[in-house]
Amino acid sequence: MNQNSIFDYEDIQLIPKKGVLNSRKDADASIQFGPERFKLPVVPANMQTVIDEDLALDLGQKHYFYVMHRFEPERRLDFIKRAHANDVFASISVGVKPGEYQFIDILKEQNLIPEYITIDIAHGYSDSTIAMIKYIKQLMPTAFVIAGNVATPDAVMALEAAGADATKVGIGPGKACITKLKTGFGTGGWQLAAINQCAQVATKPIIADGGIRHHGDIAKSIRFGASMVMIGSMLAGHQEGPGEVIDLDGAPVKAYFGSASQFQKGTYQNVEGKKLFVPYRGSIYNTLNEMQEDLQSSISYAGGKKLMDLRDVDYVIVRNSILNGD
Ligand SMILES: NC(=O)C1=CN([C@@H]2O[C@H](COP(=O)(O)OP(=O)(O)OC[C@H]3O[C@@H](n4cnc5c(N)ncnc54)[C@H](OP(=O)(O)O)[C@@H]3O)[C@@H](O)[C@H]2O)C=CC1
Ligand SMILES: Nc1nc2c(ncn2[C@@H]2O[C@H](COP(=O)(O)O)[C@@H](O)[C@H]2O)c(=O)[nH]1
């Protein structure tokens, strides 16, 4: 791998072009992703400390993309019914264990077809993921299947060839992640470059997953080929999401733990995630509005009018100096 093409969010600055908008409000930050159009290319992570059913449906009703997590598997069927009864698209997660095939069979039998299904596996470039993609697409060809997580162009090509409608890129860049420490593998420290490489070969949308620490990282993800950005830690800690607000040394916080942490699994086995506390930030809609404003501003700096105009901007690699002026 050419080391000059390895960089992460903090190493990159996008270069402005002549603006064509009179107001940032006129920039269109929306995205068509699968069968729906969304206000923003941002989706809260499908983790139990980030999303729950009420928030999922509320986001969907407000035209934000959501992916419900898979950690209360017995509730998923009723959740799909609830979404459809509320005229909201259903977007669920599945794993790859044998019981998940039975779950897909039941959905098919009951004609409960989710609009989006995310196959949520640590090592998505695997025979087990490929088999699940094929199974879902055979039984439910209309479901938009997102498969991941992966790190390389080879993986993106393999999952697309199996029938995935989108792939999710990011192994190890997450805030609650310890995969890179426990296994030595992943895209931690070069997540943005991994997105760039994967996007060179992708023929379908890519979701950049993990490592977003500033709103500007969303624009950078889009510039390097993502169509959607999955965010965990920065979207945990809100009023509408799961978990209690607690006091930590006088500051209000909420717990945020990895889906492969002992807190999620209930046992210390194959643990690749940790627990931390994130600041309580009030309503998630204030944060999403701010993300939208910032992205509209990014589009204006790009000299554009719409989200994909970000793809046309040039950039410099500044090597960890983005915060030097602060
Ligand atoms: N994006 C990321 O960097 C990471 C995300 N996660 C998240 O943690 C959660 C748990 O993930 P995961 O452990 O996959 O889910 P599961 O515990 O549901 O495992 C899914 C299946 O895949 C097998 N499996 C898991 N990892 C591997 C591997 N490296 N090689 C071969 N088989 C494997 C498991 O078997 P067995 O357990 O017996 O191996 C199991 O049968 C998910 O939500 C995932 O997104 C976890 C790690 C990294
Ligand atoms: N290696 C692990 N990665 C995990 C785990 N739980 C979730 N994740 C990934 O992190 C992102 C969110 O990243 P953030 O930087 O925005 O906080 C999430 O979407 C998963 O892909 C885990 O236990 N281990």
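The values are calculated or read from the model by the stated rules, or taken from the named source; none is laboratory data. None of these values were measured; they are calculated from a predicted model. All Cβ positions, glycine included, derive from the backbone under ideal geometry; neighbour counts span all protein chains shown. Note: areas computed on protein heavy atoms with side chains; ligands, DNA, RNA excluded. Shrake-Rupley method; radii C 1.70, N 1.55, O 1.52, S 1.80 Å.
Quick notes
- Subset of the stretch 159-192 [over 17 Å from the mean Cα position of the chain (by Cα) and farther than 14 Å from P205 by Cα]: A162, I178, T179, K180, L181, K182, T183, G184, F185, G189
- Residue match in the stretch 140-152 (condition: in a loop (DSSP other than H, G, I, E, B), within 15 Å of ligand 1 (Cβ to nearest atom) and farther than 30 Å from E109 by Cβ): yes
Matching residues to (1) more than 14 Å from ligand 2 (Cβ to nearest atom); (2) more than 28 Å from P73 (Cβ to Cβ); (3) aliphatic (A, V, I, L, M):
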position	(1), (2), (3)
G237	no, no, no
Y256	no, no, no
Y280	yes, yes, no
L295	yes, yes, yes
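- For first residues located in the stretch 1-30 and over 15 Å from I222 (Cα atoms), partners that are in a loop (DSSP other than H, G, I, E, B) and among the charged types (D, E, K, R) and lie 6+ apart or on another chain with Cβ distances below 6 Å form the pairs D11/R319.
- Within the stretch 158-173, restricting attention to residues that are of a type in the set (A, V, I, L, M, F, W, C) and part of a helix (DSSP H, G or I), the residue that is farthest from ligand 2 (Cβ to nearest atom) is A161.
- The stretch 174-196, residues that are in a loop (DSSP other than H, G, I, E, B), open to solvent by less than 20 Å² (accessible area, probe 1.4 Å) and not aliphatic (A, V, I, L, M): T187
- Taken over the stretch 250-309, the criterion of being more than 30 Å from K18 (Cβ to Cβ), assigned to a helix (DSSP H, G or I) and open to solvent by less than 60 Å² (accessible area, probe 1.4 Å) is satisfied by Q264, I284, Y285, T287.
- Within the stretch 79-130, the residues that satisfy the criterion of being among the acidic types (D, E) and touching a helix residue (DSSP H, G or I) at 6+ places or on another chain (Cβ under 9 Å) are D87, E100, D105, E115.
- Contacts under 7 angstrom Cβ, first residue in the stretch 231-258 being on the phi > 0 side of the Ramachandran plot, partner open to solvent by less than 20 Å² (accessible area, probe 1.4 Å) and assigned to a loop (DSSP other than H, G, I, E, B), 6 or more apart: G243/T49
- Taken together, the criteria exclude E240 from residues that are more than 15 Å from ligand 1 (Cβ to nearest atom), surrounded by fewer than 16 Cβ atoms within 10 Å (Cβ to Cβ) and under 30 Å from V316 (Cα atoms).
- Residue match in the stretch 58-69 (condition: within 23 Å of K39 (Cα to Cα), open to solvent by less than 50 Å² (accessible area, probe 1.4 Å), of a type in the set (D, E) and more than 14 Å from ligand 1 (Cβ to nearest atom)): yes
- The stretch 83-107, residues that are of a type in the set (G, A, S) and open to solvent by 30 Å² or more (accessible area, probe 1.4 Å): A85, G99
- A single member of A131, A155 is open to solvent by less than 10 Å² (accessible area, probe 1.4 Å), in a helix (DSSP H, G or I), more than 14 Å from ligand 2 (Cβ to nearest atom) and not charged (D, E, K, R), and it is A155.
- Being of a type in the set (F, W, Y), out of contact with any strand residue (DSSP E or B) (no Cβ under 6 Å at 6 or more places or on another chain) and open to solvent by 50 Å² or more (accessible area, probe 1.4 Å) is not true of Y125.
- Output for the stretch 10-56, where each listed residue is surrounded by 21 or more Cβ atoms within 10 Å (Cβ to Cβ) and either among the hydroxyl-bearing types (S, T, Y) or more than 19 Å from the chain's Cα centre (by Cα) (or both): I12, A27, T49
- Evaluated against (1) closer than 18 Å to Q239 by Cα; (2) among the small types (G, A, S); (3) within 16 Å of ligand 2 (Cβ to nearest atom), S93 falls short on exactly one condition, (1).
- In this structure, V245 does satisfy being touching a Pro at 6+ places or on another chain (Cβ under 8 Å), more than 16 Å from ligand 2 (Cβ to nearest atom) and open to solvent by 20 Å² or more (accessible area, probe 1.4 Å).
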